[in-house]
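In what follows, a single structure is set out as structure tokens and then discussed.
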Ligand code: SF4
């Protein structure tokens with residue numbers, strides 16, 4: 001008689017928040033899968049539901065609480081993890097039935113809580129522990145992956161509670177980061193997104209400790225990391241795209257721009273400037289707040305002309321005057337940033353900014369926000385219009401179904417577009433052999449304020 005393998009226990013996962021939280025969810029699921037658990041795509045089939053929460057803004061907290069409530073109503077057996085784990089008492093008061101609450105990055109604790117809530121099925125096959133590799137559970141599509149290089153932050157920006165939630169900067173060893181990147185690329189990743197709270201500070205806490213890697217001794221430092229990542233190759237011999245997120249403009253950022261010109265690094269920098277007026281930046285206690293940033297941006301573009309700079313800005317920070325705001329708009333006209341996200345200042349429970357005098361009235365915040373969006377949309381429209389007629393590499397995210405004429409469309413991104421936060425490139429008439437993760441050369445035919453439209457040039461590979 002054939003051996004009946006026991007049914008594996010099933011885990012449901014609701015993942016909220018930023019890409020960093022998504023990476024945490026992936027890691028938790030990878031561990032659980034190694035312990036013999038299976039995933040459930042819905043509440044009904046799950047033995048226990050994990051809710052990975054985000055507690056950054058009050059609005060995100062509310063969303064997390066709603067998600068916990070929904071999971072309790074739909075399933076009833078719920079474990080809460082992530083940033084809101086720091087607020088266990090508040091969660092327990094509202095949802096006493098929650099089985100366990102653990103904080104961000106306490107993988108062991110989450111896994112233990114799952115073991116208790118739904119003991120893993122025993123069995124000779126189920127107990128095999130695979131090496132983390134292509135067996136890793138990935139919530140992001142296989143062709144792009146987030147690569148987390150450190151946790152926590154040594155700064156104390158007035159509007160932020162991340163250092164309270166996640167602690168001081170703790171950098172991973174560079175050889176561990178590179179090994180993970182190498183495995184991801186071997187398993188089909190074509191685009192690596194380097195993330196942390198402060199990517200330019202990578203290795204400051206470990207004194208930029210060196211580790212042997214492929215006969216070299218790279219330091220735990222953003223420049224060495226970028227150079228090493230640029231040398232990885234996909235199984236078909238191509239360099240993966242490597243994007244740097246959450247980079248502060250410390251002087252050593254200048255050193256990664258030549259790597260972009262050499263093609264080792266995707267010409268893209270995500271720099272959360274948050275403001276430009278010196279007085280506001282000082283009140284915000286932002287790191288790397290220095291006067292010469294505009295000059296440096298011009299120099300970077302002279303070295304890597306295709307450099308895309310994405311950033312985000314907060315309007316209505318306490319004490320921001322009309323003059324400060326106008327300074328920001330003038331600065332943006334000069335900086336010509338490619339991608340800009342705007343936020344209205346929102347107090348976060350526990351943040352130092354809440355005690356600052358001179359709050360900006362809500363209607364003034366709204367009005368400034370609308371002006372910021374107008375200026376940045378105008379800049380973006382002009383920048384994208386300048387791409388019409390060019391041929392650009394595009395990574396495919398999704399291929400559609402044929403329409404009534406048999407035409408197939410696809411959605412992808414150029415090197416100027418990070419997944420989920422930037423624009424897209426919409427393609428018409430693609431071949432039916434096209435698949436997500438393919439990188440194709442696209443002739444840009446049209447542009448609007450955020451996206452490009454074009455067609456594949458089959459002659460170019
Ligand atoms: S740099 Fe500032 S905004 Fe970013 S995580 Fe650190 S304290 Fe928060």
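Read-outs: derived from the displayed coordinates by stated rules, not from any lab. Note that the structure is predicted; figures quoted are calculated from it, not measured. Cβ atoms come from the backbone with ideal geometry, glycine included; neighbour counts cover every protein chain shown.
Treating r as the C-beta distance of residue 445 and residue 421 and R0 as 25 Å, the FRET efficiency rounds to 0.55. On the beta carbon distance between residue 434 and residue 99, with R0 = 35 Å, the FRET formula returns roughly 0.20.
Remark: the residue 301-residue 88 segment gains 72.0 nm on full extension, using 0.36 nm per residue and subtracting the alpha carbon distance. Given the C-alpha centroids of region 156-208 and region 252-305, what is the distance between them in whole angstrom? After rounding, the separation between the Cα centres reads 19 Å.
Among beta bridges from DSSP that stay inside the chain, the antiparallel ones total about 35%.
Per residue, the convex hull spanned by the Cα atoms of region 152-196 amounts to 85 cubic angstrom.
In nm, what is the difference between 0.36 nm times the number of residues separating residue 205 and residue 354 and their Cα-Cα distance?
Working it through step by step, the gained length comes to 50.7 nm.
Report summary: the helix-based calculation at 222 nm, which adds -39500 (n - 2.57) for every DSSP H run with n ≥ 4 and divides by the residues of the chain, gives -9000 deg cm²/dmol. Peptides 71-80, 342-351 ranked from most to least packed, by the mean per-residue count of other Cβ atoms within 10 Å: 71-80, 342-351. In plain terms, the chain from residue 334 to residue 279 could stretch by 17.9 nm, reckoned as 0.36 nm per residue minus the Cα-Cα distance. Computing FRET efficiency as 1/(1 + (r/R0)^6) for residue 403 and residue 154, where r is the C-beta to C-beta distance and R0 is 51 Å, gives about 0.45.
Arrange the peptides 367-380, 38-51 so that the one whose residues have, on average, the most other Cβ atoms within 10 Å appears first.
38-51, 367-380
First check a/c for region 144-385, with a ≥ b ≥ c the square roots of the eigenvalues of its C-alpha gyration tensor; if it is under 1.5, answer rounded, and if not, answer prolate when a/b is larger than b/c or oblate otherwise. Verdict is prolate for region 144-385. The Cα atoms of the chain cover 74, 61, 56 Å along the three principal axes, with the biggest extent listed first.
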